[in-house]
Amino acid sequence: MPVYNLLDGEFTGEVCNLDHKHFNVPLRRDIVSKVFHYFNVKGVKKIKMVKRSGDVAGSGKKPVP
C-alpha cells in the first residue's frame, strides 16, 4: 500500500506491506451500517417527552367551593 503525506497529500515514495490474513477480507456491510448509525446518532440529544399533570393547563384537581 503506498504511503502519502497527510499535510499535502503527496506520495512519499514508501510502500507499506499489509498482512493479507487481516486486510484481505470481504467488507461486512452490517458492521459498516452499525458504525455509520452510531456516529450519526452519537451527538443527537433526545428531546421527546411526555406531558405530565404539571405541564398541562389545569392540575386536574377538583377546585374547592
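One residue is enough: does region 40-60 have a residue meeting the conditions surrounded by fewer than 10 Cβ atoms within 10 Å (Cβ to Cβ), at pLDDT 90 or above and among the charged types (D, E, K, R)?
Checked region 40-60: no residue is surrounded by fewer than 10 Cβ atoms within 10 Å (Cβ to Cβ), at pLDDT 90 or above and among the charged types (D, E, K, R).
Please specify each residue of region 4-38 satisfying the condition of being modelled with pLDDT of 90 or more, under 28 Å from the mean Cα position of the chain (by Cα) and outside any loop (DSSP other than H, G, I, E, B).
Y4, R29, D30, I31, V32, S33, K34, V35, F36, H37, Y38
The values are calculated or read from the model by the stated rules, or taken from the named source; none is laboratory data. Every value quoted in this text rests on a predicted model; they were computed, and no experiment measured them. No Cβ is skipped: glycine too gets one built from the backbone with ideal geometry, and neighbour counts run over all protein chains shown.
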